[in-house]
Amino acid sequence: MLKLQLKGAVALALLCFLNYQTEAQAILNKVKSAAKNKAANAIFGDNDAPSTPSVSEGDERSGRPMNNTSGGLITTPPDVGKSIATAESSFSAKKYGEARYALQQAIVGIEMEMGNKVMESLPEKVAGIDFVKESDKVTSTGMAFVGLTIFREYYNDDKAIDITVANNSSLLMSANMYLTNPAYTSGQENIKSVTVQGFKGVLEFSEYDGYKLSVPLGQTSIAIMKMVNFADETAALKVSDAFDLAGIQKQLGDKIN
């Protein structure tokens, strides 16, 4: 059992490292591309620099049809029962890599089910603003430190609201840092500690982004609400009353700190 746990830890570390390498390479490619464009602009000028046609432009010129009817990928969550059965059979056969993958798929399936339940509980209208159905997102990585994420947004011509509920250790750590150490907010005009629905939270203000309210919902979860073009702090905090934070915490099975 100890060897199995060790193998799992090593595999998880390798996976994180590979993800980091992939992201780093993507950033490096963007930097190289930007540098190449700047060099071209310096030689030819902004208007005369040679441009690389996009895929769609190339398709139009070649006469090849562009995709406009395909439905995209199926987003059905993994079958939890099937994944657990696969994990058990793979483990019995000492196929530990397959067993670990199947367990991760089971976790993804469970988190997606939890996330969809939370999404169903969110109001369709907040402060008189309708939600944007096509923007609803429930995602899961199957990893405890950056796992389930639920996102919904509301907006009209004048105002915007969005809420993100997540299992994310970095976001939770940042909010708890302000809540457990008053020195971080002392003397700062654009950030303060508040209490909403019995939960302690952190309220921030930016002239560009408006209000942001971060509320830890326990030991692993956090709710983040953003409000744009609300008149003042009172109006922004009133928006949070539309969301049943205790109900969300219960659905996620989180524990009170």
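The values are calculated or read from the model by the stated rules, or taken from the named source; none is laboratory data. In this text the structure is predicted, and so the values were computed from the model without any measurement. When we count neighbours, we look across all protein chains shown, and the Cβ atoms used for this are built from the backbone with ideal geometry, even at glycine. To get the accessible areas, we keep the full protein, side chains included, count just its heavy atoms, and leave off ligands, DNA and RNA. Shrake-Rupley method; radii C 1.70, N 1.55, O 1.52, S 1.80 Å.
Key figures for this structure:
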read-out	value
Karplus (6.51, -1.76, 1.60) ³J(HN,Hα), θ = phi - 60°, over the stretch 212-219, in Hz, Gly and Pro reported as x	9, 10, 10, 10, x, 10, x, 8
Ranked packing of 214-223, 234-243, most packed first, by mean Cβ within 10 Å	214-223, 234-243
Stretch gain in nm, segment residue 177-residue 200, where the contour uses 0.36 nm per residue and the Cα spacing is subtracted	7.1 nm
Cα principal axis extents for the stretch 105-257, largest first, Å	46, 38, 25
Filtered GluC sites (Glu not before Pro), the stretch 171-245: DSSP coil and at most 11 other beta carbons within 10 Å	189, 207
Separation in nanometres of the label points that stand 7 Å from Cα toward Cβ, at residue 238 and residue 193	2.7 nm
Pairs beyond 26 Å (Cα-Cα), from 94/137; 94/117; 133/159; 159/255	94/137; 94/117; 159/255
Residue-normalised accessible area of the stretch 104-179, given per residue in Å² at a 1.4 Å probe	51 Å²
Heavy atoms of residue 172: accessible area, 1.4 Å probe, square angstrom to 10	10 Å²
